[in-house]
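A quick write-up on the structure given underneath.
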Amino acid sequence: MRAKVGAGVLAVLLLVYLVVAGQRAVMLIATGEPVAVAMGVALLVLPLVGVWALVREWRFGVQAERLGVRLEREGALPEEELPVRASGRVDRDAADGVFPRYRAAVDAPGADWRDWFRLALVYDAAGDRRRARAAVRRAIAEERSG
């Protein structure tokens, strides 16, 4: 829930920034000076890239949550109880220990989005966020195509 609130706050801040940047961009373009016009155009284009990135990440989060909820309803989430450190994080060595089983599941014929999502959860538990996100993206793609 905290992540959703944080994303909402960032979206509102981006919207405020877009309005302010848009006003400044129009003022710069209205001067007619070549350098000011170029800066005004940049002020219009760069925030659009930010909006595109925000929308992309928001969609990713919604799709990943939808798959997680679906997997939970099916009772197909990983059931391993991994030891937790005093900080509250999963012991990486323990997560690495269960990794081969989940990797083998996605390499096996007939692997589906559920296998990729479970692999993403193991990557995340091991602290490998980059691979976890890639596995979730693959799970989303597999679920759409299947």
When the Karplus curve 6.51 cos²θ - 1.76 cosθ + 1.60 is applied with θ = phi - 60°, which whole-Hz ³J(HN,Hα) does each residue of the range 77-94 get, with x for Gly and Pro? 6, x, 9, 4, 9, 8, x, 10, 6, 4, 6, x, 8, 5, 5, 4, 4, 5
Which one, LEU82, ALA105, LEU121, is farthest towards the positive end of the dipole of the range 50-146 when Lys and Arg carry +1 and Asp and Glu -1 on their Cβ? LEU121
Among [x] 1.17; [y] 0.98; [z] 1.11, the entry that matches Rg/Rh (Cα atoms, Kirkwood Rh) as calculated here: [x]
Using +1 on the beta carbon of Lys and Arg, -1 on that of Asp and Glu, and nothing else charged, what's the dipole of the chain about the Cα centre, debye to 20? 320 debye
Cut-off under 5 Å, modelled amide H: who pairs with ASP91 long-range: VAL84, ARG85
Net charge near LEU43 (other residues with Cβ under 15 Å of its Cβ; Lys, Arg +1; Asp, Glu -1) is 0
Could you work out the relative contact order of the chain? I mean the mean sequence separation of Cα pairs under 8 Å and 6+ apart, divided by the number of residues, in percent. 15 percent
Quick check: residue separation of VAL55 and MET39 times 0.36 nm, minus the Cα distance between them. What number comes out in nm? 3.3 nm
Rounded to whole Hz and in sequence order, give me ³J(HN,Hα) for the range 65-70 from the Karplus expression 6.51 cos²θ - 1.76 cosθ + 1.60, θ = phi - 60°, writing x for Gly and Pro. 5, 4, 5, x, 5, 5
Once you have the Cα-Cα distance between ARG2 and LEU46, take 0.36 nm times their residue separation minus that, and quote the gain in nm to one decimal. 13.1 nm
How much net charge surrounds ARG130 when only other residues with a Cβ under 12 Å from its Cβ are counted (Lys, Arg +1; Asp, Glu -1)? +2
Mind ranking 81-92, 20-31 by how tightly packed they are, going by the mean number of other C-beta atoms within 10 angstrom, highest first? 20-31, 81-92
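Each value in this text was obtained by applying a stated rule to the coordinates, not by laboratory testing. Predicted model, so just to flag it, every value in this text is computed and none were measured. Note: ideal-geometry Cβ built from the backbone for every residue, glycine included; neighbour counts use all protein chains shown.
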